[in-house]
Amino acid sequence: MAMILEEILESIEVWLHVIKKKQQYVNPNLDPVLLVPGIAGSILTAVDGKGHEERVWVRLLAADRKFRTKMWSRFDPSSGKTLSLDPETRVVVPEDRFGLYSCDVLDPDMIIGKDSVCYFHDMIEEMISWGFQEGETLFGFGYDFRQSNRLQETFDRFTAKLESIYKCSEGKKVTIISHSMGGLLVKCFMCLHKDVFEKYVKNWIAIAAPFQGAPGYITDTLLNGISFVEGWEQSLFISKWSMHQLLIECPSIYELMGCPDFDWSTPPLLQIWRERSDSSSNSVVKLESYDLRESISIIEEALADNKIQYDGVDLHLPFNREIFKWANKTREIMSSAKLPSTVKFYNIYGTCNDTPLSVRYGSMETPISDLKQLVPCEPDYICVDGDGTVPVESAMADGLKAEARIAVPGDHRGLVCDPHVFRIIKHYLKIGYPDPYYNPINDYVILPTSTEYAKLDEDGLQITAVKEHWEFISGDDENSKDATNETSIHASVSVGHVGNDHSREEAHATVTVHPQDSQGKKHVEVRAIGMSVC
């Protein structure tokens, strides 16, 4: 019977498409939204001295070679900027599609495995279905993720973006939706440019922000590098070693280290099974633990001989103490952040995933005798609850007066394409018809209020009732009547089937199509009942 009921509902959908073709719905009354991605979440383009441009992040063809020649960089402590090793190369962020192109699909040419390089794509599609329009109410802000989260050059672009959105929307304030490290960038901007933030921003929704760092993840990144792409695509992408050499000179990575001044319920540790000689020159293996401050000297010694070869020359790339000082200043600035009274802040963070807090290298059987062995050594993680990257404790500790802090089971990257997160955002942006039974703080799950199923089994008779409310978006139609003159359309349809075993199935449905409302929406009520007799 389920099949015959499904068939009748599909038939109704086909009929509705015939009477009114669905078109993109645009709501001009929405407040503008600006999407800000996290680390590695922006397309980056290299521009040479002749003005030739090529995408260097993300790409597959010749990815590793282009990455090393165009993206490898050194930190300049006088400016706080990371500069490409190639003096003829400038790394820029494309501004196509009002900034959305740079944070939508990071490799637009990729077909197979495209999901692995999608960033805000699903959220953009979802928001467009709510009535947002690119360049009118929906914008993106990509940035060079190698740089510090408080680089003035980035802030100048961010200020210009907010000003242009404000003017474009005729004086409407902006809702910022940030993900991951994008939350640190927004927080730094709010601290250092509070007047601009207060003038142009209405709401800030932070998703999976590492407000107190991602200690386990970043400790491992500094020692071993990271793979941004998992699975078979790794063989086509940038090697973990190449990524390691880039990130060791990135202020943004140091700014993601665990905050040593935060009161962690379980302190993050760097643990090493070390082999040492005792006073009698006997070999002894012990598990040694170092807190966030103590671990710096361990990382520094492990990377003391780290080198790369660039353009035929060996370059020394140890742990960068200048960047570390810069990052400590960034954390100091963020710790004093105050949210303007006119801005509402919401914090959405991930739970139910094992998330690295501490890392452990070596084992009792294979101990570390020289700290330089840590660089190629894969660690074991000591995990806590989080999104797989950011511990819950770090993500919750925003230090701001939040309207709400909401936990959503999900992984770090998956939160930006999670239907539960979409529903929370839609609720807080007050889009559409509010659900009076929905409370995102203690129940973010989509409630089954639009469809009701009732089943009854009695003496071989099974009855299934379905009640649905459908919403269709109407486009402009020169031949259509004025919405105020339209009347409701009523129709009914029935389907029956008798089986070889004399069993009988029937389904009946009634449909009411209400007139188009002022927002271009048509509401459809469907009531169906299916019966089967064995």
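The values are calculated or read from the model by the stated rules, or taken from the named source; none is laboratory data. Source: prediction; values computed, not measured. For neighbour counting, all protein chains shown are included, and Cβ atoms are generated from backbone atoms with ideal geometry for every residue, glycine included. Just so you know, the surface numbers come from the protein's heavy atoms only, side chains and all, with ligands and any DNA or RNA stripped out. Shrake-Rupley method; radii C 1.70, N 1.55, O 1.52, S 1.80 Å.
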Decide, for segment 69-124, between rounded, prolate and oblate: order the square roots of the alpha carbon gyration tensor eigenvalues as a ≥ b ≥ c, take rounded if a/c falls under 1.5, and otherwise choose prolate if a/b is larger than b/c, else oblate. prolate
Using a basic spin-label model with each label point 7 Å from the Cα along Cα→Cβ, how many nm lie between Ser335 and Glu136? 4.7 nm
Here the gain from full extension of Ser363 to Asp314, 0.36 nm per residue of separation minus their alpha-carbon distance, amounts to 14.3 nm
Debye intensity ratio I(q)/I(0), log10, segment 267-345, q values 0.14, 0.17 Å⁻¹ (C-alpha model): -0.77, -0.91
Say the cut-off is 24 Å between C-alpha atoms; which of Lys70/Lys372; Lys161/Lys338; Lys70/Lys240; Lys344/Lys426; Lys173/Lys325 go over it? Lys70/Lys372; Lys173/Lys325
Going by accessible area, probe 1.4 Å, with all protein chains left in place, what is the ranking of Thr351, Thr342, largest first? Thr342, Thr351
Counting only residues 5 or more places away or on other chains, whose amide H sits under 5 Å from the amide H of Thr175 once H atoms are built in the peptide plane? Val33, Leu34, Lys202, Asn203
Could you derive backbone 3J(HN,Hα) for segment 244-255 from the dihedral phi with the Karplus parameters 6.51, -1.76 and 1.60 (θ = phi - 60°), listing whole Hz in sequence and x where the residue is Gly or Pro? 4, 5, 6, 5, 5, 10, 9, x, 4, 5, 5, 6
Once you place label points 7 Å from the Cα toward the Cβ at Ser280 and Asp385, how far apart are they in nm? 4.9 nm
Vicinal HN-Hα couplings computed from phi for segment 133-140 (Karplus, 6.51 cos²θ - 1.76 cosθ + 1.60; Hz; Gly/Pro x): 9, 4, x, 10, 10, 9, 9, x
How much accessible surface area, in Å² rounded to 10, belongs to the heavy atoms of Val284 with a 1.4 Å probe? 50 Å²
Segment 70-169 shape via C-alpha gyration tensor axes, a/c threshold 1.5: oblate
Among rounded, prolate and oblate, which fits segment 286-385 when a ≥ b ≥ c are the square roots of the eigenvalues of its C-alpha gyration tensor, a/c under 1.5 means rounded, and a/b larger than b/c means prolate? oblate
FRET efficiency (Trp241, Ile128; Cβ distance; R0 45 Å; to 0.05) is 0.70
